[in-house]
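Have a look at the structure below, then the notes.
The values are calculated or read from the model by the stated rules, or taken from the named source; none is laboratory data. Values in this document were obtained by computation on a predicted structure and should not be read as measured data. Backbone-built Cβ (ideal geometry, glycine too); neighbour counts: all protein chains shown.
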Amino acid sequence: MNDGYISSEAERKEAEANANKDNSKAGENSAEKKKRQREPKLPKIKIDREVFCPLDKAGLPDDLVFKDYEDVVIQDLIVITNNVKSRREAYYSASTNKSFPGELPTEVRGKGEYGPGIRALIPILKAEGTMSEKRILGFFQNVGIEVLATYISQQWTGGYDLFHQEKSDLYRKRLCPKQ
C-alpha cells in the first residue's frame, strides 16, 4: 500500500533499509555542499579598553626571543547603576511668593525620576527579551534600581507617545491611502 502502512515484517525491514540509504545519501550531499560563508565579527566589535598581559618568564628557557603580540578579544557586558543626584539651586521671591529652582539637564527634564537608560531598557526587555513586567521589576531590583511595578506598566502601555503616534499614523495611512 502506498499510504505508509506496512503489512509484513519483510516490508518493514525493506522500508527501514531504504530510509537508511536515503539518510546516508543526505549525509554525503551535505559534505559536498559549500561551507557557510561567515563575515568576520572582530571588525564589528567596539574595543572599550586594552589590557597588557606580560609573560612570566620564570622557569622558561634562556633563549626566548620576542615574536609578536597575540590579540584576544573578550566580549562582556557590565550592568551598573548610574544614579545621579542633581543639586538644583532654588531661590525664593517674597514679592511673588514663588520659588525658582534651577533647570535639570535636558535628557531628564520633565520625564520623572528615571533616566533615559531605564526608559529605553523597558521596551527592549519587554519586546526583545519577552520578559513579563514582574521579571523586569525583578531585574531592576537585582541591579539596585528602586522602581515600582506601576511605573513599568505605565511606561510600557503609555510612556512611549512617539511610538503610539507613529503606529496611529501608519494605521491611518493604510486605511486612507493618498491617491
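Which residue is nearest to Thr81 (Cα to Cα), if the candidates are limited to the stretch 91-144 and must be surrounded by 15 or more Cβ atoms within 10 Å (Cβ to Cβ) and basic (Lys, Arg)?
Arg119
The rows are residues; the columns are (1) outside any helix (DSSP H, G or I); (2) modelled with pLDDT of 65 or more; (3) surrounded by 10 or more Cβ atoms within 10 Å (Cβ to Cβ).
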| site | (1), (2), (3) |
| --- | --- |
| Ile6 | yes, no, yes |
| Glu11 | no, yes, yes |
| Glu14 | no, yes, yes |
| Asn29 | no, no, no |
| Pro43 | no, yes, no |
| Ile47 | yes, yes, no |
| Phe52 | yes, yes, no |
| Leu55 | yes, yes, no |
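Which of the residues that make up the stretch 146-158 are more than 19 Å from the chain's Cα centre (by Cα) and either surrounded by 11 or more Cβ atoms within 10 Å (Cβ to Cβ) or over 19 Å from Glu113 (Cα atoms) (or both)?
Val147, Ala149, Tyr151, Ser153, Gln154, listed by residue number.
Report those helices (runs of 4 or more DSSP H) wholly inside the stretch 62-162 carrying at least 1 residues which are in contact with an Asp or Glu (Cβ under 7 Å, 6 or more places away or on another chain) and touching a residue at least 24 places away in the same chain (Cβ under 8 Å).
Fully inside the stretch 62-162 and qualifying: 149-158.
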